[in-house]
Amino acid sequence: MQQIVDGLRDGQWETDDEVLGPGESAWRKIEAHPKLADIAEEVTAPRPVRHEEAASVDMNALIDVCLVLLIFYMITAAYASLVQKSVPCR
């Protein structure tokens, strides 16, 4: 009996595992066993509450990329207009 109690406290066994004691004919869950039910209630801890964190996006990187693209497009447009003016089309 003490091995089962120690196993429950150490986390080796869950409260829904089944046991067969000496002189018993049927397997029972630990939480339903008359001698182990109190210990199973002690060991069963409530699951921790998960708090959802607000999703946040780092906007600094996005702004940096947008500014680099803007500069690239401005230079490309200025270069394209210079090329059209300097190269005559036939």
Could you go through the stretch 26-42 and let me know if any residue there is touching a Leu at 6+ places or on another chain (Cβ under 7 Å), in a loop (DSSP other than H, G, I, E, B) and of a type outside the set (D, E, K, R). yes
Matching residues in the stretch 1-25 (among the polar types (S, T, N, Q) and assigned to a loop (DSSP other than H, G, I, E, B)) number 3
A careful count of residues in the stretch 3-18 that are within 11 Å of L36 (Cβ to Cβ) and loosely packed, with under 11 Cβ neighbours inside 10 Å gives 0
With respect to S56, is the statement that it is polar (S, T, N, Q), modelled with pLDDT under 85 and either touching a helix residue (DSSP H, G or I) at 6+ places or on another chain (Cβ under 6 Å) or not in a helix (DSSP H, G or I) (or both) true? yes
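The values are calculated or read from the model by the stated rules, or taken from the named source; none is laboratory data. Just so we're clear, the structure is a prediction, and the values are computed from it rather than from any experiment. When we count neighbours, we look across all protein chains shown, and the Cβ atoms used for this are built from the backbone with ideal geometry, even at glycine.
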